[in-house]
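Novice: Dropping a structure here in structure tokens format, bear with me for questions.
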Amino acid sequence: MASGTAPGAAPDLRRVQIFQVSTLYGAATLAAALDAGQFGPREDAHRLLLISHNAEIPETALRLETMTGYERIAARFDGTLDWNETIHPYHPAAWAPRPEEAPLWQRVLRTAWGLGTARVELIVESIQVNPAKALAAAFPESSVDVYADGLMSYGPTRSDLAQSIAIRIRRVLHLDLVPGLRPLLLSEYGVEPELVPDSAFRAVLAEIAEASVAEDVRNGAGDSPVARAIAAEPTALLLGQYLAALNLLTAEEEEELHIRMLRGAAAAGHRSVVFKPHPTAPVRYSQALDEEARALGVRLTVLDGPLLAETFYERCRPRLVVGCFSTAMLTAAVYYGIPIARVGTVEVLERLTPFENSNRIPLTVVDHLVADLEDGEEPAVPGAAPDSLAPLVRAVGYCMRHKSHPGLREEATRFLAEHHAEPGIAHHFTPLRLTQLGLPGASEPVVQEPAENLSRLRRGLARARRG
């Protein structure tokens, strides 16, 4: 079993912190929390960065270690580990130890990673799914901290947790992407959220940008994707998310979505535009955009390097960022003061299934806060959450996971009674879900008489056969 670069455990090792990450954005969040002292003094624990590659085909996906700025993040840790290598040939999203095998796997991991008998603390993302669940199962005596690196932290936990895991979770660390909005994540288990300071996160983003500059100097400043994009003097950045991979859109629909973003930016007067595709997006997306840009008379630059969008914000400061519901839209506004606008958010929201899909809350937040570029709304920096946002998010969260949040029913009922038919609110709820939950705005109840009659007939036949 490969163990990355983790050194062997020192004889006096007493406490080990394992930080599980799958994205550079998440790693940057952890780095900011470390810098802010939220995990105690560095000398008090042996810190290991555990990298997991969760793409459907990890071998073909962009590796976190290749992204600009990774080395500076990794320098905060005493060693790195590779989860994929450790559990090979299993996939990290699918594998977890069976309950009866958990003690054996803990011994295996302690040996492979040089942990000895040290007390282990786990810091993980997405505790409701693997690999975080697998780690928690393998180390059943370990405390767990959860960090959230995006807008999903404002929504409910997507699935139930075993009580043996839930009772060990100490806090949810999250960025203040929507100032004034409190996360629902893990709140049903009494877990309190804790903010990662804005100043610490911004400093980490600046550090990553410095790494990008240094990389340009080493490789020839005019030849890097960032340098070429900056040289084009762009005023707008378009964010691709590759929603087809999430089955939220078809590949053709997402291609058209990006073209709509470009048209909206051009209509707003932007003549030099950068498109940052998702790392796993097909090449043809940028080809279609290039054709549209020529037709519109817009200079288009594709920023396809292995770097965060925030690195571009730091180095270029565009005057507009456009997306569908990417977290990077909110970081542009909150940490850089860049006006943002949305395209296609309502369509994706209205097509989202099932209702409890965890993308629903990010879509809800962006739809409610961010200007619609195609409707002619003026792009803006949203600022603090309006008074209307928290009740909306909590009502949607209740409808998504009503069994987990029964205490929100009264509040959701009151909100829907007052607002369910209002423009800007109605499309966040489906009549079917409101009917299922008996909430204001429900459609007419489905008549159950034929089914009830059939049930009575079946019971009568059963009694006749027995008699």
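The values are calculated or read from the model by the stated rules, or taken from the named source; none is laboratory data. Small disclaimer: the values here were computed from a predicted structure and weren't measured. Cβ: placed from backbone, ideal geometry, glycine included. Neighbour counts: every protein chain shown.
Novice: Looking only at region 353-372, count how many residues are part of a helix (DSSP H, G or I) and more than 16 Å from the chain's Cα centre (by Cα).
Specialist: At the first step, the residues of region 353-372 found to be part of a helix (DSSP H, G or I) are 360-369.
Applying the additional criterion that residues be more than 16 Å from the chain's Cα centre (by Cα) yields 367-369.
Of the residues in that region, 3 qualify.
Novice: Separate question: Filtering region 94-120 down to residues that are in a loop (DSSP other than H, G, I, E, B) and free of Cβ contacts under 8 Å to residues at least 24 places away in the same chain, which residue is nearest to HIS53 (Cα to Cα)?
Specialist: Initial filter on region 94-120 (in a loop (DSSP other than H, G, I, E, B)): 94-98, 113-118.
After this cut, where a residue has to be free of Cβ contacts under 8 Å to residues at least 24 places away in the same chain as well, the list is 98, 117.
Working: ARG98: 21, THR117: 27 Å.
Residue satisfying both the conditions and the ranking: ARG98.
Novice: Something else now. Within the bounds of region 178-201, is there any residue that is within 15 Å of the chain's Cα centre (by Cα), among the charged types (D, E, K, R) and within 30 Å of ARG409 (Cβ to Cβ)?
Specialist: There is no residue in region 178-201 that is within 15 Å of the chain's Cα centre (by Cα), among the charged types (D, E, K, R) and within 30 Å of ARG409 (Cβ to Cβ).
Novice: Failed condition for ALA333, given (1) touching a residue at least 60 places away in the same chain (Cβ under 8 Å); (2) among the aliphatic types (A, V, I, L, M); (3) in the same structural domain as ALA266 (by TED's automatic domain parsing), with all others met?
Specialist: Going through the list (1) touching a residue at least 60 places away in the same chain (Cβ under 8 Å); (2) among the aliphatic types (A, V, I, L, M); (3) in the same structural domain as ALA266 (by TED's automatic domain parsing), ALA333 breaks only (1).
Novice: Considering only residues that are over 20 Å from MET152 (Cβ atoms) and assigned to a helix (DSSP H, G or I), which ones fall in region 323-346? Even if it seems obvious, please write down each step before you answer.
Specialist: The initial filter retains those residues of region 323-346 that are over 20 Å from MET152 (Cβ atoms), namely 336-339, 341, 343.
The one that is over 20 Å from MET152 (Cβ atoms) and assigned to a helix (DSSP H, G or I): TYR336.
Novice: Right, GLU256: of a type outside the set (Gly, Ala, Ser) and either part of a helix (DSSP H, G or I) or over 26 Å from ASP372 (Cα atoms) (or both) or not? Show your work before the answer.
Specialist: On the way: of a type outside the set (Gly, Ala, Ser): yes; either part of a helix (DSSP H, G or I) or over 26 Å from ASP372 (Cα atoms) (or both): yes.
Against the criterion (of a type outside the set (Gly, Ala, Ser) and either part of a helix (DSSP H, G or I) or over 26 Å from ASP372 (Cα atoms) (or both)), GLU256 qualifies.
Novice: How many residues are charged (D, E, K, R) and either closer than 14 Å to ARG319 by Cβ or more than 23 Å from the chain's Cα centre (by Cα) (or both) if we restrict to region 225-279? Even if it seems obvious, please write down each step before you answer.
Specialist: Start the filter on region 225-279 by keeping residues that are charged (D, E, K, R), which leaves 228, 233, 252-256, 260, 263, 271, 276.
With the extra rule that they be either closer than 14 Å to ARG319 by Cβ or more than 23 Å from the chain's Cα centre (by Cα) (or both), the set shrinks to 228, 233, 252, 256, 260, 263, 271.
Qualifying residue count, region 225-279: 7.
Novice: In region 267-322, which residues are at pLDDT 95 or above, of a type in the set (Lys, Arg) and assigned to a helix (DSSP H, G or I)?
Specialist: The one that is at pLDDT 95 or above, of a type in the set (Lys, Arg) and assigned to a helix (DSSP H, G or I): ARG294.
Novice: Show me the strands (runs of 3 or more DSSP E) found entirely inside region 12-93 where at least 3 residues are touching a Lys or Arg at 6+ places or on another chain (Cβ under 9 Å). Walk me through how you get there before you give the answer.
Specialist: Details: elements: 15-21, 46-51, 79-82.
Qualifying strands (runs of 3 or more DSSP E): 15-21, 46-51.
Novice: Read through the list (1) crowded, with 17+ Cβ neighbours inside 10 Å; (2) outside any loop (DSSP other than H, G, I, E, B), then give the number of the only condition that LEU249 fails.
Specialist: Looking at each condition in turn, LEU249 falls short on (2).
Novice: Sticking with this one: Go through (1) buried (at least 19 other Cβ atoms within 10 Å of the Cβ); (2) modelled with pLDDT under 95; (3) within 22 Å of PHE201 (Cα to Cα) and name the single condition LEU330 misses.
Specialist: It is condition (2) that LEU330 fails.
Novice: Inspect region 382-394 for any residue being outside any helix (DSSP H, G or I), without any contact (Cβ under 8 Å) to a residue 40 or more places away in the chain and of a type in the set (Ser, Thr, Tyr) and give the result as yes or no. Give the steps one after another, and end with the answer.
Specialist: Our first condition is that a residue be outside any helix (DSSP H, G or I); within region 382-394, this holds for 382-388.
Going one step further and asking which of them are without any contact (Cβ under 8 Å) to a residue 40 or more places away in the chain, we end up with 386-388.
Then drop every residue that is not of a type in the set (Ser, Thr, Tyr), which leaves 388.
Scanning region 382-394 turns up at least one residue that is outside any helix (DSSP H, G or I), without any contact (Cβ under 8 Å) to a residue 40 or more places away in the chain and of a type in the set (Ser, Thr, Tyr).
Novice: Further, regarding this structure: Determine which single condition SER143 fails, assuming it passes every other condition in (1) small (Gly, Ala, Ser); (2) touching a residue at least 40 places away in the same chain (Cβ under 8 Å); (3) surrounded by fewer than 21 Cβ atoms within 10 Å (Cβ to Cβ).
Specialist: That leaves (2) as the condition not met.
Novice: Give the residues of region 125-149 that are in a loop (DSSP other than H, G, I, E, B) and either touching a Pro at 6+ places or on another chain (Cβ under 7 Å) or hydroxyl-bearing (Ser, Thr, Tyr) (or both), sorted by residue number.
Specialist: Of all residues in region 125-149, those in a loop (DSSP other than H, G, I, E, B) come to 125-131, 139-143, 149.
Correct list: SER126, ASN130, PRO131, SER142, SER143.
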